[in-house]
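Okay, so here's the structure we're looking at.
The values are calculated or read from the model by the stated rules, or taken from the named source; none is laboratory data. Please read these numbers as outputs of a predicted model, since none were measured by experiment. We place every Cβ from the backbone using ideal geometry, glycine too, and count neighbours over all the protein chains shown. Surface areas here come from the heavy atoms of the whole protein model, side chains and all, with no ligands, DNA or RNA. Shrake-Rupley method; radii C 1.70, N 1.55, O 1.52, S 1.80 Å.
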Amino acid sequence: MKLSIVSTLYNSSPYVNEFYDRIIKVINKITNDYQIIFVDDGSPDNSLQKAISIAEINEKVSVIELSRNFGHHKAMMTGLSHAKGDYVFLIDIDLEE
């Protein structure tokens, strides 16, 4: 089973690392066949850099950088278009899950 997790980044810097730590713990209980997609929606903070740092240590994490802010829905649709999982989970990064 391939699982895709899609989340967007916009002023998300305080949450990126904690989100990743939490989500990876859960994923590892389910499957080792997964991908995590972060879509940077023109975030003005350093969310993008934090996501790139994670992608550099985990090859199953990818980061898509949009050229500007298109809004949450367009950013999610972009992530969905890159998802390859049999199951796709859309989740906000703000830790309010």
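Coupling constants for segment 30-47 follow from the phi torsions by the Karplus curve (6.51 cos²θ - 1.76 cosθ + 1.60, θ = phi - 60°), and in residue order they are 9, 7, 10, 9, 8, 9, 10, 10, 9, 10, 7, 9, x, 4, x, 9, 9, 4 Hz; glycine and proline get x. Once the Cα atoms are used to define both axes, helix 72-82 deviates from the longest principal axis of the chain by about 40 degrees.
Given a 1.4 Å probe, how much area per residue of the chain is accessible, in Å²? Please report the intermediate quantities before stating the final value.
Working: 5620 Å² over 97 residues.
Result: 58 Å² per residue.
Note on residue 82: accessible area approximately 90 square angstrom, rounded to 10, probe 1.4 Å, nucleic acids and ligands left out.
Summarising the label geometry, the points placed 7 Å from Cα in the beta-carbon direction at residue 28 and residue 53 lie 1.9 nm from one another. For residue 35, the residues whose amide H sits under 5 Å from its own are 3, 4, 5, ignoring neighbours fewer than 5 places away on the same chain, with H placed 1.01 Å from N.
Taken about its Cα centre, the chain carries a charge dipole of roughly 260 debye when the Cβ of each Lys and Arg holds +1 and the Cβ of each Asp and Glu holds -1. Estimated from helices alone, the mean residue ellipticity of the chain at 222 nm is -12000 deg cm²/dmol (sum of -39500 (n - 2.57) over DSSP H runs with n ≥ 4, per residue). Annotation: lysines with alpha-carbon distance below 16 angstrom to residue 50 (same-chain offsets under eight excluded): 60. Overall form of segment 47-86: oblate. Here a/c, set by the Cα gyration tensor axes a ≥ b ≥ c, is 1.5 or more, and a/b is not larger than b/c. Couplings for segment 85-91, taken from phi via the Karplus curve 6.51 cos²θ - 1.76 cosθ + 1.60 with θ = phi - 60°, read x, 5, 10, 10, 10, 9, 8 Hz in order; Gly and Pro are left as x.
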